[in-house]
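See below for the structure under consideration.
The values are calculated or read from the model by the stated rules, or taken from the named source; none is laboratory data. Remember, it's a predicted structure, so these values are computed and weren't measured experimentally. Cβ sites come from the backbone with ideal geometry, for glycine too, and all protein chains shown count toward neighbours. Heavy atoms of the whole protein, side chains included, go into the accessibility calculation; ligands, DNA and RNA do not. Shrake-Rupley method; radii C 1.70, N 1.55, O 1.52, S 1.80 Å.
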Amino acid sequence: MRLLLDVKRGERLIMKISELKEDALTVEQMTDLLFTNMEDDLKDGDCIFVPGSSKAVEIRLPKAIQLYQLGRAPHLIFSGGGIWGKSSKTEAALMKEEAVKVGIPAQAISTEEISQHTKENVLASLLVLERALGLENVNRILVVTTIFHMRRMLLTLQTYMPPWIHYSICIAPSHDVTKENWRNTPVIRSRVETEAKKIVRYVQQGILSDDDVIFKKTL
């Protein structure tokens, strides 16, 4: 652990994720893990990456479409092999279908349809990204997912994608959750706690790269 003196914010404590205790996370630690430094830098990229979920079409896709229409990146990659409910189509196929309906050219979209979780989203998308753009040509990826999922998604990308690639954070709004109010709703609080514990566990197991967590020191 290290101490950092910030003139504007006071004394702050820097810890590695691996130093945290999965079953003893404080509200402050969970807040910093999932909600701190999660702002869009507004930089343009080479592609927009959207991992799938049961509600990806409803929640994540609109943000990806917006980014494409704003000209932030010329290509989209939809990742996800999950099939939900009565549909016979994968998460990625459904996202592509809806994106084409609103006018995005099919040739601007690549899909990955075998992954079943976040790590596989990244691993299975490597070949897709290589074939679509060439990994050597990719310098920045715009990442679209919810605030709950973004930290783990970023850590997974940083662990398994080539090290020269940079990432812009593009949060897909979900449940009007903010850094300030997440703890007020039992369902949302449970979701945050589960995700924070999962991140700590995966880092400690070596599944994800370690990273710093910075939070105000409790005096």
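In whole angstrom, how far apart do the alpha carbon centroids of segment 168-199 and segment 60-139 sit? Segment 168-199 and segment 60-139 have Cα centres spaced 24 Å from each other. A cut-off under 13 angstrom between Cβ atoms defines the neighbours of residue 128, and their net charge, with Lys, Arg +1 and Asp, Glu -1, is -2. The 3J(HN,Hα) values that the Karplus relation (6.51, -1.76, 1.60; θ = phi - 60°) gives for segment 119-129 are, in residue order, 4, 5, 3, 6, 4, 6, 7, 4, 5, 4, 5 Hz. Gly and Pro appear as x.
For the pair residue 178 and residue 165 in one chain, pulling the backbone fully straight at 0.36 nm per residue adds 1.9 nm over the alpha carbon distance. Taking amide hydrogens as placed 1.01 Å from N in the peptide plane, the amide H of residue 75 sits under 5 Å from those of 48, each at least 5 positions away in sequence or on another chain. Surface analysis of segment 1-131 yields an accessible area of 53 Å² per residue, using protein heavy atoms and a 1.4 Å probe. Restriction of the trypsin sites (Lys or Arg not before Pro) in segment 136-219 to DSSP coil positions whose beta-carbon has at most 14 other beta-carbons within 10 angstrom yields 179, 217.
Straight-line reach from residue 198: which aspartates and glutamates have Cα under 12 Å away, leaving out those fewer than 8 places along the same chain? Here the aspartates and glutamates satisfying the reach criterion relative to residue 198 are 22, 23. Each residue of segment 195-204 is assigned a 3J(HN,Hα), and the resulting list reads 5, 4, 4, 5, 4, 4, 4, 5, 5, 5 Hz, derived from the Karplus form 6.51 cos²θ - 1.76 cosθ + 1.60 (θ = phi - 60°), x at Gly and Pro.
The local environment of residue 165, defined by Cβ-Cβ distances under 15 Å, has a net charge of -3 under the rule Lys, Arg +1 and Asp, Glu -1.
By a 1.4 Å probe calculation restricted to protein chains, residue 210 has an accessible surface near 70 Å², given to the nearest 10.
Residues in segment 37-44 carry Karplus couplings, in order, of 6, 10, 9, 6, 7, 6, 7, 7 Hz; the curve used is 6.51 cos²θ - 1.76 cosθ + 1.60 with θ = phi - 60°, and Gly or Pro positions show x.
Neighbours of residue 110 by Cβ distance under 9 Å: Lys/Arg scored +1, Asp/Glu scored -1, total +1. Surface composition of the chain: carbon and sulfur atoms hold 52% of the protein heavy-atom accessible area at a 1.4 Å probe.
Mean residue ellipticity, 222 nm, helices only, the chain: the sum of -39500 (n - 2.57) across DSSP H runs of n ≥ 4, divided by residue count and rounded to 500, is -11000 deg cm²/dmol. Tally the DSSP beta bridges in the chain and give the antiparallel ones as a percent, rounded to 5. Roughly 35 percent of the beta bridges in the chain run antiparallel, per DSSP.
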